[in-house]
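Right, one structure below, let's go through it.
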Amino acid sequence: MKHLRPFAFALSLAVPALAQAQTTVPITVQAGDPKIIISKNIQGQFAEHLGRCIYGGFWAEPGLNVPKQGRIRMDIVEALRKIHVPNLRWPGGCFADTYHWHDGVGPTAQRPKMLNLWWGNTLEDNSFGTHEFLELCGLLGTEPYLAANVGSGTVQEMSNWMEYLNSNEDTPMVQERRKNGHAEPYKVSWWGIGNESWGCGGNMTASYYTDVYKRYATFAHDYPGTKLKRIVSGANGDDANWTEVCMKNIGPGMMWGLTLHQYTLPTGSWTGSKGSATVFGEQEYFNTMRNCLKMEAIVTKHAAIMDKYDKDKKVALLVDEWGVWTDVEPGTNPGFLYQQNTLRDALVAGTTLNIFNNHADRVRGANLAQAVNVLQALILTDKEKMLLTPTYHVFDLYQVHQDAQLLPLQFASPDYVLGGEKIPALNASASKDKNGVMHISLVNLDATHALKLETALPGVSWKTVTGRVLTSAKVNDYNTFDKPNNVKLAAFAGAKKRGDKLAV
Ligand code: AHR
């Protein structure tokens, strides 16, 4: 039986004075009997007490002339509500393993201060704590994802935090929560047990961490009405051994998810310059894309190890830190990780989300680093000014895939060749939403050549096509506070029905 389906797609292109496309790339969309759901949580975000993400970002100075609820910046909230952020990870990052949650509850004036030793040695006044974060999540309509302090905290401290948030019995923890203004349990189910435990979270070996994890997880209780999602602090990039040891020693029964952190550095080097966020030529652009595409092999590798111990794919792989990491903007605090965001970042975002979508059988969560003013941010602020980055617009395009059915694609990408090296020019993912609308997201990484596509949809009859495109004259174009709409979404008129096929 053939279905008449409306059809829409989202398209991302880099078109700096592109030459005419020479050949047409055939793509086939396998629309029949889709079984895998693309979890909306792939589009999760991350907010750490780092630089101006919280303080000077989400949490405004009292005198700042912007719309606020308490001190929560509502212009940021409004922008994020539009892209339906499914979950928000907090309070770190490296900061999480120094954070003592109890310092951040109760009357603000009485909260102890601390030094944020990881990020710029700033004085943290704890004015943004647990209640403020959960109020922010409520305003955003997003699931809170807490990272518990394993590196410098105690099992008791984590366990108390869970009781404070999730229990409804008349214990001192619950009485304190009620006194602090929240009568009902918050029901927080997403819990990361540590962060980067191989590094800033304690410099542990994999086998030592697995014992520590089991101890913490044992005292992470399910209170009535809240089943915890216990999440293992996973590997750094392609460290297969970390995943292997976690899966073997902890086992799938004691974890809901296992994480992975993988950043894209333009120069590929953690020492010396990582590369500028805005000043780069085609070779550095090409290298950035080549580095970004490593995510495919890394996810495939970790997923294969997980398959050995968890054939039914019960455990989620969560890439809960990813994105472009460049040098900071000249003149800004190196500990604040503030960087601009170009069309290149948008192409990294589109490519990475395509990879996650196509691995939706295992990748069921991810968190871009970070939401506001830090690394590959969605939003940048300068006092009362605010702008949406090209990366924000990609999340706007891709929200159509949230909880949609994955449609496998078949195509052979043309090469993007530069300096004797090549990478695939085209990457894509597709899904069908609950209304039967099909969405294809296409990314052209080639900085100088357009692509012509002809898409077959066997077994599908369809009528209409619409599209949106994110592009700009140069891959290093970006939005400024003076020109916030330099790089923005536009309607795309280059898609046509040709017989049963879609020509782009
Ligand atoms: O996102 C910035 C930092 O990168 C995080 O704090 C840490 O987990 C990672 O190394």
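The values are calculated or read from the model by the stated rules, or taken from the named source; none is laboratory data. Fair warning: this is a prediction, and the values are worked out from it, not measured in the lab. Ideal geometry is used to build each Cβ from the backbone, glycine not excepted, and the neighbour counts take in all protein chains shown. Heads up: the accessible areas ignore ligands, DNA and RNA and are worked out on the full protein's heavy atoms, side chains in. Shrake-Rupley method; radii C 1.70, N 1.55, O 1.52, S 1.80 Å.
Would you say GLN339 is within 16 Å of the ligand (Cβ to nearest atom), closer than 20 Å to ILE42 by Cβ and either in a loop (DSSP other than H, G, I, E, B) or open to solvent by 10 Å² or more (accessible area, probe 1.4 Å) (or both)?
no
Would you say TYR208 is part of a loop (DSSP other than H, G, I, E, B), away from the ligand (no atom under 16 Å from the Cβ) and aromatic (Phe, Trp, Tyr)?
no
Quickly run through segment 84-102 and pick out the residues that are within 10 Å of the ligand (Cβ to nearest atom) and open to solvent by 10 Å² or more (accessible area, probe 1.4 Å).
CYS94, the sole residue that qualifies.
Looking for something open to solvent by 10 Å² or more (accessible area, probe 1.4 Å) and either of a type in the set (Val, Ile, Thr) or within 22 Å of the chain's Cα centre (by Cα) (or both) - is there at least one such residue anywhere in segment 124-131?
Within segment 124-131, not a single residue is open to solvent by 10 Å² or more (accessible area, probe 1.4 Å) and either of a type in the set (Val, Ile, Thr) or within 22 Å of the chain's Cα centre (by Cα) (or both).
Test each condition in (1) open to solvent by 10 Å² or more (accessible area, probe 1.4 Å); (2) more than 16 Å from the ligand (Cβ to nearest atom) for PHE286 and report the one that comes out false.
(1)
Of (1) part of a helix (DSSP H, G or I); (2) under 28 Å from the mean Cα position of the chain (by Cα); (3) surrounded by fewer than 19 Cβ atoms within 10 Å (Cβ to Cβ), TRP161 satisfies all except one. Which?
(3)
Which residues, counting only those in segment 428-450, are part of a loop (DSSP other than H, G, I, E, B) and either open to solvent by less than 40 Å² (accessible area, probe 1.4 Å) or more than 29 Å from ASP415 (Cβ to Cβ) (or both)?
Hits for segment 428-450 are ASP433, LYS434, ASN435, GLY436, VAL437, LEU445, ASP446, ALA447, ALA450.
Give the residues of segment 235-261 that are surrounded by fewer than 20 Cβ atoms within 10 Å (Cβ to Cβ) and either within 16 Å of the ligand (Cβ to nearest atom) or without any contact (Cβ under 8 Å) to a residue 60 or more places away in the chain (or both), sorted by residue number.
ASN236, GLY237, ASP238, ASP239, ASN241, VAL245, ASN249, GLY251, GLY253, MET254
Enumerate the pairs (first residue in segment 118-130 and within 16 Å of the ligand (Cβ to nearest atom); second residue anywhere and charged (D, E, K, R)) with beta-carbon separation below 7 Å, excluding pairs fewer than 6 apart on the same chain, so at least 6 apart or on different chains.
From residues that are within 16 Å of the ligand (Cβ to nearest atom), the pairs are GLU124/LYS113.
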